[in-house]
Structures are given as C-alpha cells and as structure tokens.
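> Following this message is one structure expressed as structure tokens.
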Amino acid sequence: MSSIDDDLSQVNPLRVLYPFMFTGIIEKMGSLIETRDESYGKSITVQCIPWDSPVKRGESIALSGCCLTVTEHQLKGDNLLITFDVIPETLKVTTLGEWAEGERINIERAVTVATPLGGHIVQGHVDYTTSVKSIKQSDGEHVISLSVPNGIEFKIVEKGCIALNGVSLTISSYAEDVFQVSLIPETLSMTNLGGLSVGNTINIETDVMTRSIASIVEKMIDSKQQV
C-alpha cells in the first residue's frame, strides 16, 4: 500500500461530511469561572485541565452539547482557561443563558480525522431544552425521566440515539409525554448528568439521521395534503 493509501485509510469519512462534528463522548469536565455582558451577547470563560494537544483560537468545542468557537485561551497554573462568545440566539435556545459561575460543564473538542467514533454523530446544534421529571435507582441502573418537548415527538425513537448536555445516550423508553435514559456509573462520574436534580433543565440534540428522516416524511405528508 502506498503512503497516500495509508493516509487515506486513516481518514474518518464522516469527518468530511460533518466538518464540525462531535461524538457525544465527553473528554473533560470543566467549570464556568466568568461571564461578561457584551454588546453581542455574552462572553464566557471556562476552566478545565489542558489537553495534550493545544487548543487553538477559532476551533470548535462543545460545551454541554452546544458548539462554540474559541476566542481566547491561556494556561493558568495547572488549568486551561478558554473563552467563548455567545450570541442572544444561543442564550435563548440553550441552557447557557441560565449558567452561573461554578456551573459544571461537559466539554468535547471537535473530532479529527483520527478520532474514534465511540458515540454517535453529534453536531453541537441544540434542538430543544427539557426538564428532568424524575431520577430513580432501579436494579443498579440510574434512570432519568425527562419531559418530551413539543415538536420532538417524531424525532426520537425508543432505543435510538440522543445527546443530553452533549452526552451520547440511548433512549431506553419513550411514552407520550416522557422519555427515559439509563446511565452507567462511568457516565455519572465523568459528566454533569450525575449532578442533575428534578426540575433541572438540560440541552437536547436529536439524532441527525432520525431528524432528517422525520423532516423528509413531514414534507412529503404536507405536499400530499396540499394536492
């Protein structure tokens, strides 16, 4: 095999289709240390442990499921401080507008050509927010029940994928007004889902494949009704 073939064999084809893609596998936990009001919205600064490869200005990083662009970064002791600009639309449609200093944040950098796809395709585009209805321990499982937001009904399926606060999960059950996810201890300890309480609001991104199919079917139904 030639060196070109070797290089191509390492390319993640989904990385070409989705240039700013995440996998829903949280790399680090961070915390919000500063929020500043700006003319364009807000500027937020997050603190976390540095990666081995340096963060670059302009790169995409998902904070609890919301894709943002790095505007500044600096090392401060053993920690990395990363600053992002957040516009009003993002503050309105995600939980970012509710964040206060000390907020625990799930962090994932965008995939590279060599990143394993351990979760599912996550774009960092929050579709909905919803609230936690109940949290129960059942046979060693940590089961979280969440309200079904209006408009999401045909975009989620039982045993399908969903990203909650940026975490790739499987929908364990789905009824008319509630769906559930079951979390393992690793997810509870490595993400902010372990700190959720009843009534907390979280970010939702539906699976892009399911969402696309639902959109196509909806348009087909609408076109037939107009005939």
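> Report yes if some residue within region 95-102 is within 21 Å of Ile49 (Cβ to Cβ), surrounded by 19 or more Cβ atoms within 10 Å (Cβ to Cβ) and of a type in the set (D, E, K, R); otherwise report no.
Pass one, region 95-102, residues within 21 Å of Ile49 (Cβ to Cβ): 99, 101-102.
From the residues that got through so far, the ones that are surrounded by 19 or more Cβ atoms within 10 Å (Cβ to Cβ) too are 99.
Keeping just the survivors that are of a type in the set (D, E, K, R) gives none.
Within region 95-102 (the criterion being within 21 Å of Ile49 (Cβ to Cβ), surrounded by 19 or more Cβ atoms within 10 Å (Cβ to Cβ) and of a type in the set (D, E, K, R)), the answer is no, since none of the residues qualifies.
> Report yes if Ala110 is loosely packed, with under 12 Cβ neighbours inside 10 Å and among the hydrophobic types (A, V, I, L, M, F, W, C), otherwise no. Before the answer, list the steps.
Numbers: loosely packed, with under 12 Cβ neighbours inside 10 Å: no; among the hydrophobic types (A, V, I, L, M, F, W, C): yes.
No: the conditions fail for Ala110.
> Taking region 96-116 as the search range and keeping residues that are part of a loop (DSSP other than H, G, I, E, B) and under 12 Å from Ile26 (Cα atoms), which one is modelled with the highest pLDDT?
Filtering region 96-116 down to residues part of a loop (DSSP other than H, G, I, E, B) leaves 99-103, 110-116.
When the remaining residues are screened for being under 12 Å from Ile26 (Cα atoms), the result is 110-111.
On the way: Ala110: 93, Val111: 88.
For region 96-116, the residue satisfying everything is Ala110.
> Answer yes or no as to whether Gly160 is outside the structural domain of Val181 (by TED's automatic domain parsing) and more than 13 Å from Asn203 (Cβ to Cβ). Let's see the steps before the verdict.
Numbers: outside the structural domain of Val181 (by TED's automatic domain parsing): no; more than 13 Å from Asn203 (Cβ to Cβ): yes.
Judged against the criteria, Gly160 is not a match.
> Further, regarding this structure: Determine if region 121-137 includes at least one residue that is free of Cβ contacts under 8 Å to residues at least 12 places away in the same chain and touching a strand residue (DSSP E or B) at 6+ places or on another chain (Cβ under 8 Å).
Looking only at region 121-137, we keep the residues that are free of Cβ contacts under 8 Å to residues at least 12 places away in the same chain, and these are 136-137.
Pick out the ones that are also touching a strand residue (DSSP E or B) at 6+ places or on another chain (Cβ under 8 Å) and you get 136-137.
Scanning region 121-137, I find at least one residue that is free of Cβ contacts under 8 Å to residues at least 12 places away in the same chain and touching a strand residue (DSSP E or B) at 6+ places or on another chain (Cβ under 8 Å), so the answer is yes.
> Related question: Please enumerate the residues belonging to region 132-142 that are at pLDDT 90 or above and either over 11 Å from Val178 (Cβ atoms) or part of a loop (DSSP other than H, G, I, E, B) (or both).
We begin by selecting, within region 132-142, every residue at pLDDT 90 or above; these are 132-136, 142.
Result: Ile135, Lys136, His142.
> Oh, and also: Report yes if some residue within region 136-152 is aliphatic (A, V, I, L, M), closer than 20 Å to Phe22 by Cα and surrounded by 16 or more Cβ atoms within 10 Å (Cβ to Cβ); otherwise report no. Let's see the steps before the verdict.
Filtering region 136-152 down to residues aliphatic (A, V, I, L, M) leaves 143-144, 146, 148, 152.
Checking which are closer than 20 Å to Phe22 by Cα leaves us with none.
No, every residue in region 136-152 fails to be aliphatic (A, V, I, L, M), closer than 20 Å to Phe22 by Cα and surrounded by 16 or more Cβ atoms within 10 Å (Cβ to Cβ).
> Considering Gly160, Gly119, Gly194, Gly199, which residue is among the small types (Gly, Ala, Ser) and in contact with a Leu (Cβ under 8 Å, 6 or more places away or on another chain)? Walk me through how you get there before you give the answer.
Numbers: Gly160 fails: in contact with a Leu (Cβ under 8 Å, 6 or more places away or on another chain); Gly119 fails: in contact with a Leu (Cβ under 8 Å, 6 or more places away or on another chain); Gly199 fails: in contact with a Leu (Cβ under 8 Å, 6 or more places away or on another chain).
Answer to the check: Gly194.
The values are calculated or read from the model by the stated rules, or taken from the named source; none is laboratory data. Note that the coordinates shown come from a computational prediction; the quantities given were computed from them, not determined experimentally. Positions of Cβ are generated from backbone atoms using ideal geometry, with glycine treated the same way; all protein chains shown enter the neighbour counts.
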